[in-house]
2 protein chains.
Amino acid sequence: MTGRRKFIAQAAAVAAAPFISTSLTRALAATSKKKLGFAICGLGGLSEHQIAPALQKTANCRLAGIITDTPEKASSWKSKYNIPDKSVYTYDTMHRMADNPDIDVVYIVTPNALHLDNALAAAKAGKHVFCEKPMEISVERCQKMIDALKAARRMLGVAYRCQFEPSHLECMRLAHEKVFGSLKVIDAYFGFNIPPGVWRLKRELAGGGPLMDVGIYALQLTRYLTGEEPVWISGTTTHGDPARFSEVEESVIWQAKFPSGVISNCGASYNAAPNGYFRAIAEHGWFGMDPAFNYSGNRGTRSDGKPLEFPEPDPFAAEMDDFAQCILENKPSKVSGEEGLRDVKVMMAIYESARTGKPIELHT
Amino acid sequence: MTGRRKFIAQAAAVAAAPFISTSLTRALAATSKKKLGFAICGLGGLSEHQIAPALQKTANCRLAGIITDTPEKASSWKSKYNIPDKSVYTYDTMHRMADNPDIDVVYIVTPNALHLDNALAAAKAGKHVFCEKPMEISVERCQKMIDALKAARRMLGVAYRCQFEPSHLECMRLAHEKVFGSLKVIDAYFGFNIPPGVWRLKRELAGGGPLMDVGIYALQLTRYLTGEEPVWISGTTTHGDPARFSEVEESVIWQAKFPSGVISNCGASYNAAPNGYFRAIAEHGWFGMDPAFNYSGNRGTRSDGKPLEFPEPDPFAAEMDDFAQCILENKPSKVSGEEGLRDVKVMMAIYESARTGKPIELHT
């Protein structure tokens with residue numbers, strides 16, 4: 001394909017993409033930049049079932065490489081996605097990406113406590129980093145990641161997909177524009193029944209239990225609905241089934257206060273039927289979603305009966321396209337490393353409160 | 001009406017009543033006891049719009065008297081419900097009920113902090129007491145009420161109407177029989193937007209704010225779903241609108257742990273749109289109601305899609321009929337004074353936790 005034909009084909013693809021903004025279309029047209037190449041680092045279930053398929057739906061990203069230590073996975077992904085040998089790496093060889101211009105972004109989908117090392121390697125190779133949440137397992141490790149990407153002059157984003165879902169964006173609008181008056185109480189919960197033996201139950205790899213994994217959705221929600229950081233937090237955990245929950249909590253609940261007076265009541269569990277929902281109660285009405293945090297099929301409700309449902313794009317495609325757009329336009333991502341760090345900071349306070357049995361005052 | 005005709009008419013009414021148990025029918029038939037006479041103490045909105053109309057639907061109660069200091073109310077109730085002059089009392093004269101055999105039960109519907117005095121007067125007059133919730137504003141005052149009724153050998157019940165609603169009873173069954181496995185997390189909330197100037201906003205009369213008034217529904221729910229008393233509780237309050245909430249809290253949220261490992265996340269508000277709902281999440285499924293605590297129209301949902309809706313009797317009629325049945329059969333009420341005291345004890349701990357900023361260990 002000649003340069004011109006290639007450009008036209010890409011422009012047509014961009015124009016056809018249903019959820020892409022006109023500003024991005026213009027930016028792509030203006031730069032005639034190639035699609036950004038994403039290398040997926042860690043080929044677990046999320047990469048296989050969500051991220052790789054979503055990459056096929058993006059407007060300005062493409063699956064360009066993989067990083068895995070499992071030869072069988074490397075082989076099957078190579079053939080399935082037509083990935084050249086030179087773009088297949090192990091964790092030990094990923095520093096060689098520095099010489100691979102096909103790869104622009106490393107999307108880190110490894111266990112939580114490996115994110116920093118993966119990100120350092122990517123930054124050293126001059127790549128941008130998009131990182132699954134939670135960003136890392138401590139405030140210090142998040143800060144190191146931020147510092148490394150900043151020093152490398154590369155962009156860092158955290159995969160908060162709900163921030164790219166129209167229903168969640170509409171809920172943010174309802175909250176911020178005080179459509180039902182000031183928010184007063186937010187209830188939010190996310191949990192499921194985890195099978196034994198997975199890395200998420202190992203403290204060394206996961207850093208924590210359901211709070212780090214799914215509670216983070218509820219926490220994020222309270223932060224983006226209020227547009228504020230909590231100033232007071234109190235949490236408690238259970239460890240019901242000792243066989244499964246010897247290293248991380250079984251369930252966690254926490255309460256928070258925000259500067260404007262909103263209070264939140266949140267929970268997460270690894271030992272309960274799948275459930276993810278929230279309700280935001282304001283002075284003159286309420287809105288909520290149930291389910292709220294699924295990959296698809298989320299449903300919103302407003303107290304006035306007006307609809308709160310939208311055709312939802314693939315949230316993974318939407319977040320990757322947005323990150324690529326930020327890189328192309330050299331503008332900060334709304335799901336920055338700093339944003340990822342803020343959640344980790346609050347989660348550490350929740351664990352500290354649960355451990356000490358005392359509420360924690362937070363200073364932002 | 002002769003004695004026999006009277007008995008037959010009553011028996012027919014009993015047989016026709018749709019929600020009365022056969023054991024009560026038998027008991028009434030066996031004793032040929034007259035309907036128990038209820039005197040309503042305090043003629044506010046709840047008495048006018050719910051309790052008096054409900055009394056007309058009961059099988060074994062009748063509106064026999066009123067206690068009010070407002071002559072206009074006395075006059076309109078007398079004519080509306082055909083109440084004889086001798087059964088109309090003020091708070092100062094209610095001790096004279098001792099000489100009035102038409103009155104068996106005093107249903108106390110006054111502001112919270114007056115319940116004890118009203119109950120002491122009723123007990124002194126030899127009457128049974130059915131008391132609106134919260135039972136009183138302190139543990140000590142609840143205990144005094146229990147002691148007084150015990151000394152008078154009269155029965156004491158607290159008006160926990162949800163304990164007589166088929167949907168709540170079915171939720172108790174789902175929890176106790178572990179239909180979805182063990183309960184893990186309960187979320188419950190009840191609130192509304194209170195108008196200024198009402199007695200519920202005065203500390204001296206109400207004893208507290210939304211916790212005492214509507215939060216008690218959420219607290220009761222966690223106690224009757226688990227069948228346990230909380231062993232750990234942590235609460236916090238807000239006082240957002242200083243004009244309305246100078247004396248009682250605007251909103252309250254609290255978390256509790258129960259001996260079996262259940263954790264609860266509850267809230268209540270006086271400054272938010274009307275909302276009352278709960279979700280109980282177990283190992284393999286969940287159930288909930290939304291709305292959960294209305295006088296009618298509550299709706300249940302089960303995670304397996306099976307129905308959780310019932311034809312609901314008038315809950316006020318159901319609770320009064322049950323209390324009358326307990327009196328007739330001389331058996332303890334499940335909504336006893338001791339039950340009312342337990343909620344007040346936990347609510348006082350929630351306020352203490354909010355005041356001191358520390359979780360409270362409870363010993364039952």
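Annotations
- Formal net charge of residues neighbouring residue A:207 (Cβ-Cβ distance under 15 Å; K, R +1; D, E -1): -2
- Averaged over the residues of peptide A:187-198, the number of Cβ atoms from other protein chains lying within 10 Å of each residue's Cβ is 2.
- Simple spin-label estimate for residue B:177 and residue A:239 gives 3.5 nm between the two label positions (7 Å along the Cα-to-Cβ direction from each Cα).
- Under 5 Å between amide hydrogens, built in the peptide plane, is the criterion, and for residue B:133 it picks out B:159 among residues at least 5 positions away or on other chains.
- 3J(HN,Hα) from dihedral phi, segment A:287-299, Karplus parametrisation 6.51/-1.76/1.60, rounded to Hz, x for glycine, proline: 8, x, 9, 7, x, 10, 10, 6, 5, 7, x, 5, 10
- Taking Lys and Arg as +1 and Asp and Glu as -1, the other residues whose beta-carbon sits under 12 Å from that of residue A:119 total +2.
- Residue-count net charge about residue B:39 - beta-carbon cut-off 9 Å; Lys, Arg +1, Asp, Glu -1: -1
- Selected from B:250, B:283, B:352 as most flexible by GNM, with chain B as the system and alpha-carbon contacts under 10 Å: B:283
- In units of the compact-protein estimate 2.2 N^0.38 Å, segment B:122-250 shows a Cα radius of gyration of 1.24.
- Kirkwood hydrodynamic radius of segment A:246-342, from inverse mean 1/r over distinct Cα pairs, in Å: 16.7 Å
- Share antiparallel - DSSP beta bridges, the protein assembly as shown, percent rounded to 5: 55 percent
- Förster radius 56 Å - calculated FRET efficiency between residue A:338 and residue B:62 (Cβ-Cβ, nearest 0.05): 0.20
- Using θ = phi - 60° and Karplus 6.51 cos²θ - 1.76 cosθ + 1.60, couplings along segment A:91-103 (whole Hz; Gly, Pro as x): 4, 6, 9, 5, 4, 5, 4, 3, 9, 10, x, 6, 9
- Karplus-derived 3J(HN,Hα), 6.51/-1.76/1.60, for each residue of segment B:156-172, Hz, glycine and proline x: 10, x, 10, 7, 8, 5, 4, 6, 10, 9, x, 5, 5, 5, 5, 5, 4
- For the cross-link pairs A:178/A:306; A:358/B:257; B:184/B:358; A:78/A:202; A:184/B:184, the ones whose C-alpha atoms lie over 19 Å apart are B:184/B:358; A:78/A:202; A:184/B:184.
- Among B:350, B:273, B:320 - extreme Cα towards positive end, dipole of segment B:259-364, charges at beta-carbon: B:350
- Each other copy holds its own label point for residue B:195; taking that point as 7 Å from Cα along Cα to Cβ, the gaps run 5.9 nm, nearest first.
- Annotation: amide H of residue A:314 has no partner in the under-5 Å range at sequence separation 5 or more or interchain, hydrogens built in the peptide plane.
- Taken residue by residue and averaged, Cβ atoms of other chains lying within 10 Å of the Cβ of A:279-287 number 5.
- Placing +1 on the Cβ of every Lys and Arg and -1 on the Cβ of every Asp and Glu, with nothing else charged, gives segment A:104-190 a dipole about its Cα centre of roughly 280 debye.
- Here the protein assembly as shown is treated with +1 on each Lys and Arg Cβ and -1 on each Asp and Glu Cβ, and its dipole about the Cα centre works out to around 840 debye.
- Loop GluC sites (Glu not before Pro), segment B:148-229, which have at most 10 other Cβ atoms in a 10 Å radius of their Cβ (DSSP): B:177
- Modelled spin-label separation between residue A:203 and residue A:75, with each label point placed 7 Å from Cα along the Cα-to-Cβ direction: 3.9 nm.
- For segment A:312-353: rounded, prolate or oblate by the Cα gyration tensor [a/c cutoff 1.5]: oblate
- A point 7 Å from Cα along Cα→Cβ stands in for residue A:48, and the other copies hold the same point at 6.8 nm, listed in rising order.
- Rg(Cα)/(2.2 N^0.38 Å) for segment A:194-240, N = residue count: 1.39
- Compactness of chain B as Cα Rg over 2.2 N^0.38 Å, two decimals: 1.00
- More than 36 angstrom apart: percent of Cα pairs within the protein assembly as shown: 49 percent
- For chain B, the 222 nm mean residue ellipticity estimated from helices alone, with every DSSP H stretch of n ≥ 4 adding -39500 (n - 2.57) and the total spread over all residues, rounds to -10500 deg cm²/dmol.
- Taking amide H as placed 1.01 Å from N in the peptide plane, the amide H of residue B:240 sits under 5 Å from that of B:250, B:251, each at least 5 places away or on another chain.
- Label-to-label distances for residue B:227 across copies, nearest first, come out at 4.9 nm, using points 7 Å from Cα in the beta-carbon direction.
- Candidates per trypsin sites (Lys or Arg not before Pro) in segment B:114-163, loop by DSSP, up to 10 other Cβ within 10 Å: B:153
Where a number appears in this text, it was derived from the coordinates with a stated rule and is not lab data. These numbers were taken from a predicted model, which means no experiment stands behind them. All Cβ positions, glycine included, derive from the backbone under ideal geometry; neighbour counts span all protein chains shown.
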